[in-house]
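Q: Once you've had a glance at the structure underneath, I'll fire off some questions.
Derivation of every value follows stated rules applied to the coordinates shown; laboratory data play no part. Since we're looking at a predicted model, the values are computed, not measured. Counting neighbours? That spans all protein chains shown, and the Cβs are built from the backbone with ideal geometry, glycine included.
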Amino acid sequence: MRVSRRAFVRRSTGLAALLCGAARLAVPSQTLAIEPLPQPSPPRARARLPTRTFTLGRSVSGQPIEATSLGSGPVAVAFIGNIHGGWEPMARVVVDLGLDYFLEHPSEVPPRTTLYFVPTMNPDGYQAGRPLWEDADGTGGTGDVALAWTAFNAHAIDLNRNFPTNWSSDACGGERARLIGGGPCLAGLGGPRPFSEPETRAYRDFILRRNVRWALTYHEDQTPAVLGREGGGGPSEPFALELAELAGYPYVPTTTAYPVTGHAWDWLDAIGVQGAEIELEYRTLDQDFNISAVQLLIERALG
């Protein structure tokens, strides 16, 4: 089922209103029904190595997209979470906790590296999802339908379908798209053109200007997995296979449920960035594995 352009604009307007309302709510950070997790402390208060928090860009509603760098070496390694906002909150938590770990263990940041931690690329969606987490349980009910809209930005665009590699305006988004439109593929979901959204432009500029050559990106799904370039192969596949074995997750070289277009990791692969995409298990955080994944990526980045 395709959503008409008029319906899509109407739903976009509704999402924008939801986002504006969410920005005014004082919702506790642990609303999500998972075990409470420690929050990272302000980096400048505890770091004993070069540390800087800065803004990559701003979202549709003007919220800052922030990153924190640790170290000052020439090898740039990035950990990027939460492109799907409130729909995948654990993809933000894991990056926050990774940052906190390395602030606690600065000696584990090699002198030749600069580590970049980007907790969310979709702050509008993340804030909109916070008051909805309690009613979303992953069973496809009304709570999940409401939360599905927060996977997108305030223009109702799936940011992970807005990159230029194999881009299409008519894009597929799996369960989140099925819940809002009745099918995995929706007209307009990929945006009017590649990099049409301020969030994806900030992503692009960050990777290129900081000369990031290695990265982990995080998502959240009912089935955990490690992915690389759509269709498999490429220079990152040996690392992705190694990471999958470390995690005990399957390595998924090809998405069979629907075609993947405009995908962030495919763009990263196309410009020579190595690493992997991690699908975290729904509402679950294996912190030990994820710290090990970061450590493994740093080790491989240094050769």
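Q: Can you bin segment 168-303 into rounded, prolate or oblate? Criterion: square roots of the alpha carbon gyration tensor eigenvalues sorted a ≥ b ≥ c, rounded for a/c under 1.5, prolate for a/b above b/c, oblate for the rest.
A: Since a/c reaches 1.5 but b/c is at least a/b, the shape of segment 168-303 is classed as oblate.
Q: What do you get for GluC sites (Glu not before Pro) in segment 47-130 restricted to DSSP loop and a cutoff of at most 16 other Cβ within 10 Å of the site's Cβ?
A: none
Q: From the gyration tensor of the Cα coordinates in segment 117-247, what semi-axes in whole Å does the equivalent ellipsoid have, largest first, with each one equal to sqrt(5λ)?
A: Listed largest to smallest, the semi-axes of segment 117-247 are 25, 19, 16 Å.
Q: Let me ask you something else. If you put +1 on each Lys and Arg Cβ and -1 on each Asp and Glu Cβ, how big is the dipole of segment 110-252 around its Cα centre, in Debye rounded to 20?
A: 740
Q: Within 10 Å of each residue's Cβ, count the other Cβ atoms and sort 278, 65 from fewest upward.
A: Placing the least packed residue first, the sequence is 65, 278.
Q: For 158, 137, which order do you get if you count the other beta carbons within 10 Å of each Cβ and list the fewest first?
A: 137, 158
Q: I've got another one for you. Please tell me the relative contact order of segment 193-278 in percent, rounded to the nearest whole number, where contacts are Cα pairs under 8 Å and at least six residues apart.
A: 42
Q: Magnitude of the Cβ-charge dipole of segment 171-303, K/R +1 and D/E -1, about the Cα centre, nearest 20 debye?
A: 600
Q: First check a/c for segment 226-273, with a ≥ b ≥ c the square roots of the eigenvalues of its C-alpha gyration tensor; if it is under 1.5, answer rounded, and if not, answer prolate when a/b is larger than b/c or oblate otherwise.
A: On the way: a/c = 2.39, a/b = 1.26, b/c = 1.91.
Verdict is oblate for segment 226-273.
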